[in-house]
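Visitor: Encoded as structure tokens, here's the structure I'll be asking about.
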Amino acid sequence: MSDKVQYEIVVGLEVHAQLLTKTKLFCGDTTEFGKAPNSQISVISLGYPGTLPRLNKEAISLAVRLGLACNCQIVQHNYFARKNYFYADLPKGYQISQHTTPICKNGFVEFTVGKETKKVRLNRIHIEEDAGKSLHDEDSDFSNLDFNRAGMPLLEIVTEPDLRSAEEAFAYVTSLRKLVRHLNVCDGNMEQGSLRCDVNISVRKKGEQKLGTKVEIKNLNSIRFIKKAIEFETGRLISLLEEGKTIVQETRGFDETDFTTYSIRVKEDEDDYRYFPEPDLPPFFISKETIEKIRSEMPALQTEIKEKLIAEYGLSAYDAEQLSGDSELSNFFFELAKHSNNYKASANWILGPVKNHLSANEIALDETDLHPEAIAETIDLIDKGKISYGIAVQQIFPALLKNPALDLNQFIEENQLQIQTSQTEIESLIEAALNKHSEKIPEYKKGKKGLISLFVGEVMKLSKGKADAKLVTEKIIEKLKA
């Protein structure tokens, strides 16, 4: 078999973000999540004869807000179109969407993969209503239909085929999710379906310009699943090429249990949705004044947040850059700063243990139950010399992740995590550490002062992190002067 390195994947994504409006796109039904099936419906959302849609103006504002943040051209002359297709959970037999006039065109989103900053171009952002939901597992003889979601306001964010790896797709959707949450455009809750993604993927030999046959993977509701689906499909498509088989243009689903994809339907031709202008909704115009008003009311973007972190909280340019680049982390910092005035320690905790935990588990901060108050209390205990930073990271932080309401003082006492301040104990540990590294003592005395960290580290290891590192350092320096 040939080396898979000779191939490259080409990926474009279509992300559906449910807008944070109180009512649906064309009627007054509530958008609240978790209501009983078919309790958020009306004659309009069900498409009864003689009913007329009425546009939700807030959806327009939110769409423009995202478009501006994504460096898009805002299309001022707009209208909606009917996208005609039949499916059981589409009550009207058509979906009201946008076709030739998406509200936002072009634009781009920047994201970071490793230490490299990349850019994905956006083809369009358009507004459309959601369909209902078919439930196939609740009855052995029938498929049930829940129309609560029918008519929910969505933005479809369509990229150009600029992504070249599962890691890039993961990083892009992560950045986009943080952006829509930061702008209060969408809550980004993928488990509840308010952010969903379709992946378009093809494979070609490196150096080729022509795109390969495209496969679409539908309705991925986790950023981790997007990455897993692309990884599996990359291997499957390359294997087909290696075996001399034909790749079929098709729509596939994703199996969350074993991270594989499966065929749903073969697409021999592009779907013909027979778009035409929605006759029941008049065209609408977005003035330049309206666009500028929306721009002026947008939350602060990265550069403004960075300046605030430096000027008001005294953070270093590096820490401010790291926090401002992630709205989820910066928001958590601002909440944490309400409970702790040790801003440097707060930044260190967020960019250290908190961020490492999120990265290792490929989750977002709101998928944990971590409370800023608990981190603030931990910082305070360290500052007061009751526990060491090492103990806090290794034992207290994991316990907080499991139980956010943990009584820290009780936990510290029960597990005997208090810093050791007994002079006798500390001197005994220092003696043991210096004996172990006795050959390094002459080097230290000759001026190699960096060795102090070796001696202190050994004491901390022997004390299982319970010794007061500052006191240990002072005692070792004092002892080695003799």
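Visitor: Tell me which of these Q394 doesn't satisfy, since it passes every other one: (1) part of a loop (DSSP other than H, G, I, E, B); (2) modelled with pLDDT of 85 or more.
Guide: Answer for Q394: the failing condition is (1).
Visitor: Right, another one. Answer yes if at least one residue in segment 93-109 is in contact (Cβ under 8 Å) with a residue 40 or more places away in the chain and of a type in the set (D, E, K, R), and no otherwise.
Guide: Scanning segment 93-109, I find no residue that is in contact (Cβ under 8 Å) with a residue 40 or more places away in the chain and of a type in the set (D, E, K, R), so the answer is no.
Visitor: Condition (residue is of a type in the set (D, E, K, R), over 30 Å from K227 (Cα atoms) and not assigned by TED's automatic domain parsing to the domain that holds T174) applied to segment 365-374: is it met by at least one residue?
Guide: yes
Visitor: Out of N189, N184, I need the residue that is at pLDDT below 95 and touching a strand residue (DSSP E or B) at 6+ places or on another chain (Cβ under 9 Å). Which one?
Guide: Testing whether each residue is at pLDDT below 95 and touching a strand residue (DSSP E or B) at 6+ places or on another chain (Cβ under 9 Å) leaves just N189.
Visitor: Then there is this: Can you tell me which residues in segment 124-144 are in a strand (DSSP E or B) and at pLDDT 95 or above? Show your work before the answer.
Guide: Our first condition is that a residue be in a strand (DSSP E or B); within segment 124-144, this holds for 124-129, 133-135, 144.
If the condition is that a residue be in a strand (DSSP E or B) and at pLDDT 95 or above, then R124, I125, H126, I127, E128, E129 are the ones that fit.
Visitor: Pick from segment 326-382 the residues that are among the hydroxyl-bearing types (S, T, Y), assigned to a helix (DSSP H, G or I) and surrounded by fewer than 19 Cβ atoms within 10 Å (Cβ to Cβ): which of them is modelled with the highest pLDDT? I'd like the intermediate steps shown before the answer.
Guide: Initial filter on segment 326-382 (among the hydroxyl-bearing types (S, T, Y)): 327, 330, 340, 343, 346, 359, 368, 378.
If we keep only those that are assigned to a helix (DSSP H, G or I) as well, we get 327, 330, 343, 346, 359, 378.
From what is left, the residues that are surrounded by fewer than 19 Cβ atoms within 10 Å (Cβ to Cβ) are 343, 359.
On the way: Y343: 96, S359: 86.
Going through the qualifying residues, I end up with Y343.
Results for (1) among the basic types (K, R); (2) in contact (Cβ under 8 Å) with a residue 12 or more places away in the chain; (3) buried (at least 17 other Cβ atoms within 10 Å of the Cβ), shown as yes or no for each residue.
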position: N144; (1), (2), (3): no, yes, no
position: L154; (1), (2), (3): no, yes, yes
position: A169; (1), (2), (3): no, yes, yes
position: K178; (1), (2), (3): yes, yes, yes
position: H182; (1), (2), (3): no, yes, yes
position: I201; (1), (2), (3): no, yes, yes
position: K210; (1), (2), (3): yes, no, no
position: S222; (1), (2), (3): no, yes, yes
position: F225; (1), (2), (3): no, yes, yes
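Visitor: Do you know which residues across segment 101-119 are outside any strand (DSSP E or B) and farther than 28 Å from N148 by Cα?
Guide: Across segment 101-119, the qualifying residues are N106, G107, G114, K115.
Visitor: Just one of V75, V64, V43 is under 13 Å from N148 (Cα atoms) and of a type in the set (V, I, T); which is it?
Guide: Details: V75 fails: under 13 Å from N148 (Cα atoms); V64 fails: under 13 Å from N148 (Cα atoms).
It is V43.
Visitor: Let me confirm something: among L135, L66, which residue is assigned by TED's automatic domain parsing to the domain that holds G28 and either surrounded by 15 or more Cβ atoms within 10 Å (Cβ to Cβ) or basic (K, R) (or both)? I'd like the intermediate steps shown before the answer.
Guide: On the way: L135 fails: either surrounded by 15 or more Cβ atoms within 10 Å (Cβ to Cβ) or basic (K, R) (or both).
Result of the check over L135, L66: L66.
Visitor: Which ones in segment 284-300 are surrounded by fewer than 12 Cβ atoms within 10 Å (Cβ to Cβ) and either modelled with pLDDT under 95 or not in a loop (DSSP other than H, G, I, E, B) (or both)?
Guide: F285, K288, E289, E292, S296, E297
Visitor: May I pose another question? Return the residues of segment 311-322 that are among the aliphatic types (A, V, I, L, M), under 25 Å from the mean Cα position of the chain (by Cα) and assigned to a helix (DSSP H, G or I); say none if nothing qualifies.
Guide: A317, A320
Visitor: Take the residues in segment 69-104 that are small (G, A, S) and modelled with pLDDT under 95, then tell me which one is nearest to G132 (Cα to Cα). Reasoning before the result, please.
Guide: Looking only at segment 69-104, we keep the residues that are small (G, A, S), and these are 69, 81, 88, 93, 97.
Imposing the further condition that a residue be modelled with pLDDT under 95 reduces the set to 69, 88, 93.
Details: A69: 30, A88: 9, G93: 11 Å.
Filtering first and then ranking leaves A88.
Visitor: On to the next question. Which one of these is touching a residue at least 12 places away in the same chain (Cβ under 8 Å), in the same structural domain as I125 (by TED's automatic domain parsing) and farther than 22 Å from D280 by Cα: E32, E14?
Guide: E14
Visitor: Taking segment 258-278 as the search range and keeping residues that are free of Cβ contacts under 8 Å to residues at least 40 places away in the same chain and outside any strand (DSSP E or B), which one is farthest from K83 (Cα to Cα)? Full working, then the answer.
Guide: If we filter segment 258-278 for residues that are free of Cβ contacts under 8 Å to residues at least 40 places away in the same chain, which is where we start, we get 258-260, 262-263, 265-266, 268-270, 272.
If we keep only those that are outside any strand (DSSP E or B) as well, we get 258-259, 268-270, 272.
Working: D258: 34, F259: 32, E268: 19, D269: 17, E270: 14, D272: 9 Å.
The qualifying residue farthest from K83 (Cα to Cα) is D258.
Visitor: Continuing with the same structure: Could you check, for segment 248-255, whether at least one of its residues is at pLDDT below 95, more than 24 Å from V173 (Cβ to Cβ) and in a strand (DSSP E or B)?
Guide: Among the residues of segment 248-255, not one is at pLDDT below 95, more than 24 Å from V173 (Cβ to Cβ) and in a strand (DSSP E or B), which makes the answer no.
Visitor: Could you grab me the full set of residues in segment 227-257 that are small (G, A, S) and either touching a residue at least 24 places away in the same chain (Cβ under 8 Å) or on the phi < 0 side of the Ramachandran plot (or both)?
Guide: Result: A229, G235, S239, G253.
Visitor: Criterion first (surrounded by 12 or more Cβ atoms within 10 Å (Cβ to Cβ) and farther than 28 Å from D380 by Cβ) does L454 satisfy it?
Guide: Yes; evaluated as a whole, the condition is true for this residue.
Visitor: With the checklist (1) at pLDDT 95 or above; (2) buried (at least 18 other Cβ atoms within 10 Å of the Cβ) in hand, flag the one item S42 doesn't pass.
Guide: With respect to (1) at pLDDT 95 or above; (2) buried (at least 18 other Cβ atoms within 10 Å of the Cβ), S42 is out only on (2).
Visitor: Identify the single condition in (1) part of a loop (DSSP other than H, G, I, E, B); (2) free of Cβ contacts under 8 Å to residues at least 60 places away in the same chain that T303 does not satisfy, given that it satisfies every other one.
Guide: It fails just one condition, (1).
Visitor: Those residues that are hydroxyl-bearing (S, T, Y), without any contact (Cβ under 8 Å) to a residue 24 or more places away in the chain and either assigned to a loop (DSSP other than H, G, I, E, B) or under 14 Å from I477 (Cβ atoms) (or both), I need them from segment 399-455; list them, please.
Guide: Keep residues of segment 399-455 that are hydroxyl-bearing (S, T, Y), which gives 421-422, 424, 428, 438, 444, 453.
The next check asks that each one be without any contact (Cβ under 8 Å) to a residue 24 or more places away in the chain; those that pass are 422, 424, 428, 438, 453.
Hits for segment 399-455 are S422, S453.
Visitor: On to the next question. Assuming T261 fulfils every condition listed in (1) surrounded by fewer than 20 Cβ atoms within 10 Å (Cβ to Cβ); (2) touching a Lys or Arg at 6+ places or on another chain (Cβ under 6 Å) apart from one, which condition is it?
Guide: Every listed condition holds for T261 apart from (1).
Visitor: Out of (1) out of contact with any helix residue (DSSP H, G or I) (no Cβ under 6 Å at 6 or more places or on another chain); (2) crowded, with 20+ Cβ neighbours inside 10 Å, the odd one out for F33 is which?
Guide: Result: F33 passes all but (2).
Visitor: If E233 passes every condition in (1) surrounded by fewer than 15 Cβ atoms within 10 Å (Cβ to Cβ); (2) assigned to a helix (DSSP H, G or I); (3) charged (D, E, K, R) but one, which one does it miss?
Guide: The failed condition is (1).
The values are calculated or read from the model by the stated rules, or taken from the named source; none is laboratory data. Bear in mind that the values here come from a model prediction, so they are computed numbers and not experimental data. Using ideal geometry, Cβ is built from the backbone for each residue, glycine included, and neighbour counts are taken over all protein chains shown.
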